[in-house]
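Here the structure comes first, spelled out in structure tokens, and everything after it is commentary.
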Amino acid sequence: MLDLMAIEQLTTPTGAILYDSERIGKPSESFFDADYWRTQRRVVAQAGGRGGVMFVRHDGQEWVLRHYRRGGLVGKLISDSYLWLGSERTRAFREWRLLHALHAQGLPVPVPVATRYQRNGWLYRADLLTAALPPSRTLAESMTGAVLDQAAWSAIGTAIARFHAAGVHHADLNAHNILLGGQGRVWLLDFDRGRIRPRGAWEQSVLARLRRSLEKIKSQRANAEFDERQWGALLAGYGTTGKRDDS
């Protein structure tokens with residue numbers, strides 16, 4: 001678990017950095033600059049997705065750097081700027097603090113290292129650093145060109161149920177932000193706009209969103225495998241852990 005006393009905040013000329021001093025010491029703004037890591041030749045890999053992420057090495061640690069970018073139609077007009085409503089309402093600070101809380105509960109999420117925002121008038125831009133996870137593949141990758149066994153689908157359902165039991169609402173659960181590792185390990189990624197809330201009908205909406213994502217991948221990729229039997233295994237894993245007590 002992370003030490004609450006290790007959470008510190010640093011004011012910068014244009015914003016602020018929130019960080020875990022036990023993992024990063026005193027961070028430099030350059031740590032959030034992709035070009036800095038390229039110049040230092042510390043880039044391990046890059047991955048796609050919305051805006052993409054960069055894997056970097058620093059003092060024996062491997063981190064993942066993500067720049068916040070908008071999706072959809074708005075993203076085509078304003079790619080990476082957000083309305084300023086205060087530091088604690090920035091998407092970066094909210095996601096960092098949520099990840100910190102979830103990790104402290106033992107839930108399978110990336111460990112937050114540092115995050116920053118840069119303000120420009122009524123707008124801001126932001127970046128997030130998290131600790132890299134063990135070798136893993138997204139669910140989207142894992143179901144393409146191979147058949148995932150029933151145990152893997154069940155493990156996914158069980159992982160989702162753990163989050164729901166803790167009242168964690170993932171705003172965009174899809175096959176690209178579920179990671180599968182060795183020994184049946186499952187992690188959830190990208191908690192931007194996520195929150196903790198009372199349990200309710202939103203839980204089934206999260207599952208329905210995930211199913212639409214899986215069906216979309218199957219329709220777009222000729223070698224993607226997904227069917228009712230696999231979805232049934234996921235729901236079986238979700239099982240009683242994911243059910244609410246409405247009594």
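What the table shows:
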quantity	calculated
Any hit, the range 140-153, residues being polar (S, T, N, Q) and within 12 Å of the chain's Cα centre (by Cα)	no
When residues of the range 1-27 are limited to those that are among the polar types (S, T, N, Q) and at pLDDT 95 or above, the one nearest to the chain's Cα centre (by Cα)	GLN9
Residue match in the range 196-216 (condition: out of contact with any Cys (no Cβ under 7 Å at 6 or more places or on another chain), part of a loop (DSSP other than H, G, I, E, B), closer than 18 Å to SER142 by Cβ and without any contact (Cβ under 8 Å) to a residue 60 or more places away in the chain)	no
The range 128-146: number of residues that are within 13 Å of ILE217 (Cα to Cα), in a loop (DSSP other than H, G, I, E, B) and of a type in the set (Gly, Ala, Ser)	1
Which listed residue, of ARG116, ARG125, ARG97, is closer than 18 Å to LEU10 by Cβ, in a helix (DSSP H, G or I) and not assigned by TED's automatic domain parsing to the domain that holds ALA208	ARG97
Criterion violated by GLY145 - all others in (1) on the phi < 0 side of the Ramachandran plot; (2) in contact (Cβ under 8 Å) with a residue 24 or more places away in the chain satisfied	(1)
Filter result for SER154 (among the hydroxyl-bearing types (Ser, Thr, Tyr), surrounded by 15 or more Cβ atoms within 10 Å (Cβ to Cβ) and outside the structural domain of ALA104 (by TED's automatic domain parsing))	yes
Of residues in the range 158-186 being in contact with a strand residue (DSSP E or B) (Cβ under 9 Å, 6 or more places away or on another chain) and assigned to a helix (DSSP H, G or I), the one nearest to GLN61 (Cα to Cα)	GLY182
Tally, over the range 217-231, of residues that are assigned to a loop (DSSP other than H, G, I, E, B) and within 20 Å of SER154 (Cβ to Cβ)	3
Those residues of the range 13-45 which are assigned to a loop (DSSP other than H, G, I, E, B), surrounded by 15 or more Cβ atoms within 10 Å (Cβ to Cβ) and in contact (Cβ under 8 Å) with a residue 40 or more places away in the chain, in sequence order	PRO27
Residue match in the range 209-225 (condition: within 14 Å of the chain's Cα centre (by Cα), over 30 Å from LYS26 (Cα atoms) and surrounded by fewer than 18 Cβ atoms within 10 Å (Cβ to Cβ))	no
Looking only at the range 46-68, and only at residues there that are part of a loop (DSSP other than H, G, I, E, B) and among the small types (Gly, Ala, Ser), the one that is nearest to LEU123 (Cα to Cα)	GLY51
Sole exception among (1) modelled with pLDDT under 95; (2) buried (at least 17 other Cβ atoms within 10 Å of the Cβ); (3) more than 24 Å from ASN174 (Cα to Cα) for GLY60, by number	(2)
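Residue by residue, here is whether (1) in contact with an Asp or Glu (Cβ under 8 Å, 6 or more places away or on another chain); (2) surrounded by fewer than 17 Cβ atoms within 10 Å (Cβ to Cβ); (3) closer than 20 Å to PHE32 by Cα; (4) without any contact (Cβ under 8 Å) to a residue 40 or more places away in the chain holds:
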site	(1), (2), (3), (4)
HIS67	yes, no, yes, no
TRP84	no, yes, yes, no
LEU102	no, no, no, no
TRP122	no, yes, no, yes
PRO134	no, yes, no, no
THR138	no, no, no, no
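The values are calculated or read from the model by the stated rules, or taken from the named source; none is laboratory data. None of the values given here were measured: they were computed from a predicted structure. Methodologically, a virtual Cβ is constructed for each residue, glycine included, from the backbone with ideal geometry; neighbour enumeration extends over all protein chains shown.
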